[in-house]
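One structure below.
The values are calculated or read from the model by the stated rules, or taken from the named source; none is laboratory data. The structure presented is a predicted model; accordingly, all values stated were derived computationally and were not measured. Quick reminder, even Gly has a Cβ in these numbers, built from the backbone with ideal geometry, and neighbours come from all protein chains shown. Accessible surface areas use protein heavy atoms only, side chains included; no ligands, DNA or RNA. Shrake-Rupley method; radii C 1.70, N 1.55, O 1.52, S 1.80 Å.
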Amino acid sequence: MKVFQFYREEQVKLGLVLDRKHIDAEATVMRGDVHAEDLPTTLSALIQYKGEYGALAARYDSLKPVCLREEEIRFAPAVTEPEKIICVGLNYMAHRQETGETKELAFPPLFCKYRNSLAAHGQAIQIPPGAKEMDYEVELVIVMGKRASRVKAEEALDYVFGYTAGNDVSARDLQFQTGQWLMGKACDGFAPVGPYLVTADELSPEHLDIMCKVNGQVCQASNTSYMLFSCAELISHISNYITLEPGDILFTGTPEGVILGRPEGERVWLKSGDRMEVTVEKIGTLTNTIA
């Protein structure tokens, strides 16, 4: 099942993609009969749903769905109320090499973003005061579906609700002011996610093409099979120390091709008007412009 969130009168609503049509879940259920009252009309309710998503989609479709005009949709972030946004750094060997990371690590570094960092498809990203070295990072993003604490890697994907596309927007000069990456990673709008979220029964995260374009030019092109630590391994490791809750999101790392990875004299940082498009196979393309 492919879903999204959108704004209607400044409230976040749940949408579904059925047969390439964009459906308003709440309006569809309200127009349906009494037997439709148990259908989820919010993302949190959908995450808690215990049934089979294919059958659920068929039920929505049977209600004469209320369709949205795609060009008129104002997307919200694919997830809007995570308790935690945990990000993984240096999870692709080629990215480690391009950034000069030579230290052997038992596990990639982790850092956090916050709800203020979330941004939607189509939303402009503001450059923070004083920042000059703006960069992009295409990433597959995991959305948790069940509480996960100390889960084994072989069971970890059973705790996933779905996957979306993300852009780990970074201000490199702020990131490396100190030994902590937080300031360059967690600024307002630095975690665009979306526009779509695909449930875990629809895809395998191990072999997905991911790509980033800036102003139409391909800057990153790789596949999640090149992750040093798989989605299952990431969930297992993190859950050994931090309990993951339904709706939490995990950025899984970016491949090579970021601006930081170029020779110092060849780095042309993002500037106002630059358009970033990050694509994850089977999920879609998330587009944001630097304001």
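Numbers for the structure displayed
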quantity	calculated
Inter-centroid distance (Cα atoms) of the stretch 252-270 relative to the stretch 109-174, Å	18 Å
Restraint check, 103/185; 84/132; 84/271, Cα-Cα greater than 24 Å	84/132; 84/271
Label-to-label distance, nm, for residues given as residue 35 and residue 50 (7 Å Cα→Cβ offset)	2.1 nm
Mean separation of Cα contacts under 8 Å, 6 or more apart, over the residue count of the chain: relative contact order %	24 percent
Relative contact order (%) - the stretch 99-253, alpha-carbon pairs under 8 angstrom, separation at least six	33 percent
Along the chain, longest interval not containing exposed GluC sites (Glu not before Pro), exposed being DSSP loop plus at most 10 other Cβ atoms within 10 Å	105-291
Accessible surface of the chain [probe 1.4 Å, protein heavy atoms]: carbon and sulfur percent	48 percent
Per residue accessible area in Å² of the stretch 63-188, where ligands, DNA and RNA are left out and the probe is 1.4 Å	48 Å²
For the stretch 188-258: rounded, prolate or oblate by the Cα gyration tensor [a/c cutoff 1.5]	prolate
The stretch 189-208 versus the stretch 1-75: alpha-carbon centroid distance in Å	18 Å
Prolate/oblate/rounded call for the stretch 47-170, Cα gyration tensor, a/c under 1.5 rounded	oblate
Residue-by-residue Karplus 3J(HN,Hα) for the stretch 223-231, coefficients 6.51, -1.76, 1.60, Hz, glycine and proline x	9, 5, 5, 8, 4, 5, 10, 5, 4
P(r) weight above 29 Å for the chain, C-alpha pairs, percent	32 percent
Gyration tensor verdict on the stretch 148-203 (Cα atoms; rounded if a/c is under 1.5, prolate if a/b is larger than b/c, oblate otherwise)	oblate
Relative contact order (%) - criterion: Cα under 8 Å, at least six apart; region: the stretch 78-168	25 percent
Calculated FRET efficiency for the pair residue 201/residue 240, C-beta based, R₀ 35 Å, to 0.05	0.85
Simple spin-label estimate for residue 233 and residue 97 in nanometres, 7 Å along Cα-Cβ	1.7 nm
Förster radius 41 Å - calculated FRET efficiency between residue 83 and residue 266 (Cβ-Cβ, nearest 0.05)	0.55
